[in-house]
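What follows is a single structure, written as structure tokens, with notes after it.
Here, each number is a calculation from the coordinates, and none is a lab measurement. If you're wondering where the values come from, they're calculated on a predicted model, not measured in any experiment. Please note: Cβ atoms are built from the backbone with ideal geometry, for glycine as well, and neighbour counts cover all protein chains shown.
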Amino acid sequence: FQKRLKAETAKAGVKPKPYDFMFWTNLYMCLTAMVISGGLGEVGTGLAYCAGNPEILEKIIKFAICSAVGQSFIFYTIANFDPLILSTVTTTRKIFSVLLSIFLKGHTLSLTGWTGIAMACSGILSEMHAKMSGKAKAH
């Protein structure tokens, strides 16, 4: 989808900007969330919870700021690189998040979990190796 969108906008002489992607994605997700929460009758409950627990507002604002910063990087990558780069970046970030959680907070991981991390790291390393080999042969 991303490659097709970039090709179509290039034909029109327009280069998509990261914040265009981010704005439209967030607008549609906000509208979807509002429709679903309204349909399920959760709007009043959510507002009542926030009113009854005002300390949660600070946490919601911090979460929103962190999400916006993270999304900025993701949408910059989408707009300027191809989807494979984005998947590599996000997979690497998730692996480091898990490893930091294990080593800094003392969480544990099963053998299956370690196997998954090893497989993910192997995939990223093999992708890097293939890319480096391809560049070396091109010269």
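Can you compute 3J(HN,Hα) from phi for each residue in the stretch 113-122, using the Karplus curve 6.51 cos²θ - 1.76 cosθ + 1.60 with θ = phi - 60°, rounded to whole Hz and x for Gly and Pro?
Going residue by residue, I get x, 5, 5, x, 5, 4, 5, 5, 5, 4 Hz, with x marking Gly and Pro.
What is the spin-label model distance, in nm, from Val98 to Ala118 if the labels are put 7 Å beyond Cα along the C-beta direction?
1.3 nm
Can you tell me how much longer the chain between Leu31 and Lys11 gets when fully stretched, taken as 0.36 nm per residue apart minus their C-alpha distance, in nm with one decimal?
Working: separation 20, 0.36 × 20 = 7.20 nm, distance 2.99 nm.
Here the segment from Leu31 to Lys11 would lengthen by 4.2 nm.
Once the piece of chain linking His107 and Ser126 is laid out straight, how much longer is it, given 0.36 nm per residue of separation minus the C-alpha distance between them? Don't jump to the answer; show the numbers that get you there.
Working: separation 19, 0.36 × 19 = 6.84 nm, distance 2.79 nm.
Working it through step by step, the gained length comes to 4.0 nm.
Shape of the stretch 1-79 from its Cα gyration tensor (a ≥ b ≥ c, root eigenvalues): rounded if a/c is under 1.5, otherwise prolate when a/b > b/c, or oblate?
Judged from the Cα gyration tensor, the stretch 1-79 comes out oblate (a/c at least 1.5, b/c at or above a/b).
Across the chain, how many lysine pairs, 8 or more positions apart or on different chains, have C-alpha atoms separated by under 15 Å? Please give the number.
Step by step, the pairs that qualify in the chain add up to 5.
So if R0 is 30 Å, what FRET efficiency would Leu40 and Val89 give, r being the distance between their Cβ atoms, rounded to the nearest 0.05?
According to the calculation, E is roughly 0.30.
When only DSSP loop residues count, what GluC sites (Glu not before Pro) in the stretch 19-71 have their Cβ near at most 14 other Cβ atoms within 10 Å? Working shown, then result.
On the way: sites: Glu42, Glu55, Glu58; in loops: Glu42.
Within the stretch 19-71, the qualifying GluC sites (Glu not before Pro) (loop, at most 14 other Cβ atoms within 10 Å) are Glu42.
Kindly give the semi-axes, whole Å and largest first, of the ellipsoid equivalent to the stretch 42-135, taking each as the square root of 5 times a Cα gyration tensor eigenvalue.
Equivalent ellipsoid of the stretch 42-135: 35, 21, 10 Å, largest first.
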